[in-house]
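Notes to accompany the following structure.
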Amino acid sequence: MPDTGPAAAPQGSLLPGRSSVEILRSAPPINLERAFEVMAREGLDGLVVLDPVNLYHLTGLWPVTSRMGFPLNAYAVLSRDPRQPIAIVAAEFAYYYLIADHGFEYPAEFFLFSMATGVATQVFPDLGQAPLSAGERARRAAVQAAVGRQALSADAGAALLKALRSLGLDHGRIAVDSPGITHIVAAAGLPVETVPAELTLQRIRLVKSPRELELMRIAATANAAAALAAAQTARAGASYRELRSSFYAEAARRGNRGVFMVIGGVSAEGVERTLRDGDAFLFDAVSEGAGYHGDFARTVFVGEPDAAMRRVTAAITLGWSAVRDALRPGLRFSEITALGRETLRKAGHDFRVAFGPHSVGLYHTDAAGLGDIVLEPGMVISVDCPVMQTGLGGSAHLEDLSLITATGSEPIHPVSAPVVQV
């Protein structure tokens, strides 16, 4: 299953262009070549995941029932053998009512199970009082085809074991993201060693596939535009709650879902403050589209700020400019931080600025456990640049998302001025 596909130009997800469904129809989000490389390096024969984010990464399918409070019972299985299809374990009803409509075209094998004792099928019965719609006929045909290839199992555990045997993973070493998977394998007496998958998944997530980069461009562009639109509503008398609500609404208008917004260094949404003339405050805005996150920060001046805030925002801009120009494969996270701080020191600034890099993707911070990461082409990173001091007459921040290329880096969304003045 080769990892191909062009990255699109930046565009909001509700503007003309490919939708997330179109992007993912021919292949799942995951960078399969990266996954096979990481699994080989770590001596893994396969991956088995239950967590909804991980399942989405491996398949492009999001189990909607996980957002309804139901127990998790859909699995994805990836073999290190690229000739094997991705295996997806799901309840027959979930496949019939939620999954079959997607029409994904990549090689996948479904292993369905029943959730009702004594019921032959959970497909809605046809009363025959009106012709079935095309969509309903397609759903029924998809279920029949899936069950025809792999007979319906009695429960999720039996279906998962059937999937493992089908992919040749009923022996060897597999990484799993849930203790429940280990229990199923052990109870069946399979000669399989299971190990935690979290760090393996983080290493895979670091380098994005072309599909992920396309989704990241869409999400990050919409996020930055929503944040700037919300910033324009800042004024004396406006509240933090109004500003945050404006960002969430602007993100939704562009096809994203608001995740959080830090305002003036305050992340708790229950804290309410009112803006005044002369205020200078940071906003750090995060939303996601099709599971992928945008992360964007600026400083807002409400009227004329104190002179100290002019100096600190100029210092942050200087440091980020030096860091941005230096981003390239081979650079370590620790070197990024050191370069930003050394740039400020050489310029005579004594401001303490974080210059903290982190990988962004399916999470705001999608590789938190990997330590001092070395940059590689295909990574999308942020370098957080908030001032870490008080007594300056306000707060300040600057943050954009950068794609690491073969020779350097490039912004993955349009870049605006470092300060917004209203």
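The values are calculated or read from the model by the stated rules, or taken from the named source; none is laboratory data. Computed from a predicted model, the values in this text were never measured in an experiment. Counting neighbours? That spans all protein chains shown, and the Cβs are built from the backbone with ideal geometry, glycine included.
State whether one or more residues within segment 97-104 are under 26 Å from the mean Cα position of the chain (by Cα), of a type in the set (Phe, Trp, Tyr), more than 28 Å from residue 36 (Cβ to Cβ) and in the same structural domain as residue 166 (by TED's automatic domain parsing).
yes
Within the group 47, 55, which residue is assigned to a helix (DSSP H, G or I), crowded, with 18+ Cβ neighbours inside 10 Å and modelled with pLDDT of 90 or more?
None of the others qualify; the one that does is 55.
Across segment 141-176, which residue is farthest from the chain's Cα centre (by Cα) among those that are small (Gly, Ala, Ser) and surrounded by 19 or more Cβ atoms within 10 Å (Cβ to Cβ)?
153
If you check 160, 167, 127, 112, which single one turns out to be free of Cβ contacts under 8 Å to residues at least 40 places away in the same chain, in the same structural domain as residue 187 (by TED's automatic domain parsing) and not small (Gly, Ala, Ser)?
127
Can you name every residue in segment 141-157 that is in a helix (DSSP H, G or I) and without any contact (Cβ under 8 Å) to a residue 40 or more places away in the chain?
141, 144, 145, 148, 157
Within the set of pairs 6 or more residues apart or between chains, which connect a residue that is on the phi > 0 side of the Ramachandran plot and surrounded by fewer than 18 Cβ atoms within 10 Å (Cβ to Cβ) inside segment 87-106 to a residue that is modelled with pLDDT of 95 or more and part of a helix (DSSP H, G or I) with Cβ atoms less than 7 Å apart?
From segment 87-106, no pairs qualify.
Taking the criterion of being without any contact (Cβ under 8 Å) to a residue 24 or more places away in the chain and of a type in the set (A, V, I, L, M, F, W, C), would at least one residue in segment 334-355 satisfy it?
There is at least one residue in segment 334-355 that is without any contact (Cβ under 8 Å) to a residue 24 or more places away in the chain and of a type in the set (A, V, I, L, M, F, W, C).
Starting from residues that are modelled with pLDDT of 95 or more and part of a helix (DSSP H, G or I), keep the ones in segment 58-86 and report whichever is surrounded by the fewest Cβ atoms within 10 Å (Cβ to Cβ).
Per the criteria, the residue is 58.
Working only within segment 293-322, note down all residues that are buried (at least 21 other Cβ atoms within 10 Å of the Cβ) and polar (S, T, N, Q).
299, 313
Considering only segment 112-140, state which residues are aromatic (Phe, Trp, Tyr) and crowded, with 18+ Cβ neighbours inside 10 Å.
113 - this is the single residue of segment 112-140 that is aromatic (Phe, Trp, Tyr) and crowded, with 18+ Cβ neighbours inside 10 Å.
Consider residue 98 carefully, then state whether it is out of contact with any Ser or Thr (no Cβ under 7 Å at 6 or more places or on another chain), over 16 Å from residue 153 (Cβ atoms) and in a strand (DSSP E or B).
It is false that residue 98 is out of contact with any Ser or Thr (no Cβ under 7 Å at 6 or more places or on another chain), over 16 Å from residue 153 (Cβ atoms) and in a strand (DSSP E or B).
Under 7 Å by Cβ, and 6 or more places apart or on different chains, what pairs join a residue from segment 365-393 that is without any contact (Cβ under 8 Å) to a residue 40 or more places away in the chain with one that is in a loop (DSSP other than H, G, I, E, B)?
Listed pairs, sorted by first residue: 388/352; 388/354; 389/351; 389/352.
Is at least one residue of segment 17-37 of a type outside the set (Phe, Trp, Tyr), within 17 Å of residue 78 (Cα to Cα), at pLDDT 95 or above and surrounded by fewer than 19 Cβ atoms within 10 Å (Cβ to Cβ)?
Yes.
Is there any pair linking a residue in segment 243-271 that is more than 26 Å from residue 391 (Cβ to Cβ) and in the same structural domain as residue 292 (by TED's automatic domain parsing) to one that is assigned to a strand (DSSP E or B) and of a type in the set (Lys, Arg), with Cβ under 8 Å and at least six apart or on different chains, and which?
Sorted first by the residue in segment 243-271, then by its partner, the pairs are 251/257.
Would you mind stating whether residue 325 is assigned to a helix (DSSP H, G or I), assigned by TED's automatic domain parsing to the domain that holds residue 243 and either closer than 19 Å to residue 377 by Cα or charged (D, E, K, R) (or both)?
Yes; evaluated as a whole, the condition is true for this residue.
Taking strands (runs of 3 or more DSSP E) that do not extend beyond segment 246-302, which have at least 3 residues that are among the aromatic types (Phe, Trp, Tyr)?
Output list reads 292-301.
Kindly indicate which of 220, 188, 197 is within 18 Å of the chain's Cα centre (by Cα), outside the structural domain of residue 394 (by TED's automatic domain parsing) and surrounded by 15 or more Cβ atoms within 10 Å (Cβ to Cβ).
Unique residue meeting the criteria: 197.
Among the strands (runs of 3 or more DSSP E) lying completely within segment 348-422, list those that include at least 3 residues that are of a type outside the set (S, T, N, Q).
356-359, 380-384, 401-404
What single numbered condition from (1) on the phi > 0 side of the Ramachandran plot; (2) surrounded by fewer than 21 Cβ atoms within 10 Å (Cβ to Cβ); (3) of a type in the set (Gly, Ala, Ser) fails to hold for residue 290?
Failed condition: (2).
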